[in-house]
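Rule-based calculations on the coordinates, nothing more; no lab input. This structure is a prediction, so every number in the text was calculated from the model and none was measured. Quick reminder, even Gly has a Cβ in these numbers, built from the backbone with ideal geometry, and neighbours come from all protein chains shown.
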Amino acid sequence: MLLEKEDWPALVRYLEDKVIQKGNYSSSLVRLLANSYLVLSDSQAVMSLENKVAVIKPSLIDANALVFGTARILGKDISGAVRFFEVRKETAKPALKDWVSWYYGFAMLLNRQFEEAGREFSFLTRISRDGVVTALASYFLSETLAQVLPEKWLEYREVAAKGKERVMKAIPEAKNWKQETSRLSTEIHAAAISKYMEETRGWLYEGEGK
């Protein structure tokens, strides 16, 4: 009922009672509580929750790596985000691995570790099976990293072009991109970068209508 009303403060109070006070650290409740904190832009509360979860049920950190890692970025703890995602690259569930790797590259980009970000994004453009991840990695290589590292301009543009080619085979039209990204619209890690998803759409389908 609180979810339907989008009464986030009341939902947080209800979940804090269930999870923190009563100790019901189930995966779904922890995820919902962390997401609710982020909707309210309370990154510090997410970090506090993570500390409790790490003691009581550490496996839930890996299961919700994208939520806890995104909280660091939104809370401007960029170096912390780099360290967090670097560790979770090795422990994340297969379904999350490509996104964790992309966020690792993104955190390094924000931390001005440009060459390291370039390596991570270049790797993803070649091997990721997720079209949205491949597209985002290719976009940042072409439009950001190629500009800040002029000595890598040609290399990054070529890698990005090949990544773009892979994406266009899987997601050939802007309407297909909208379908792919709409599936992610309820995920905090995707909502946090919605601006870049829109920029990537424009880069992929130049000249096409929205």
Problem - the chain - mean residue ellipticity at 222 nm from DSSP helices (-39,500 (n - 2.57) per run, n ≥ 4, rounded to 500) - result: -22000 deg cm²/dmol
Problem - the chain, relative contact order [Cα under 8 Å, separation at least 6], % - result: 13
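On average over all directions, what projected area in square nanometres does region 1-63 have, based on the convex hull of its Cα atoms? Numbers along the way, then the final one.
Values: hull surface 15.6 nm².
Over all viewing directions, region 1-63 projects a mean Cα-hull area of 3.9 nm².
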Exercise for the section: Please give the contour-minus-distance gain from residue 51 to residue 191: 0.36 nm per residue of separation, less the Cα-Cα distance, rounded to one decimal in nm. Expected result: 48.0 nm
Exercise for the section: Give the share of C-alpha pairs in each 5 angstrom bin for region 78-210, from 0 to the last occupied bin, in whole percents, shortest bins first. Expected result: 2, 11, 21, 24, 22, 13, 5, 1, 0
Handout entry: For region 16-61 versus region 149-197, the gap between their alpha-carbon centres in whole angstrom
Key = 30
Problem - Where a label projected 7 Å from the Cα of residue 40 along Cα→Cβ would reach, residues of region 1-19 with amide N under 15 Å - result: 2-3, 6-19
Practice task
Excluding residue 83 itself, calculate the net charge of residues whose Cβ lies under 14 Å from the Cβ of residue 83, where each Lys or Arg counts +1 and each Asp or Glu counts -1.
Solution key: -2
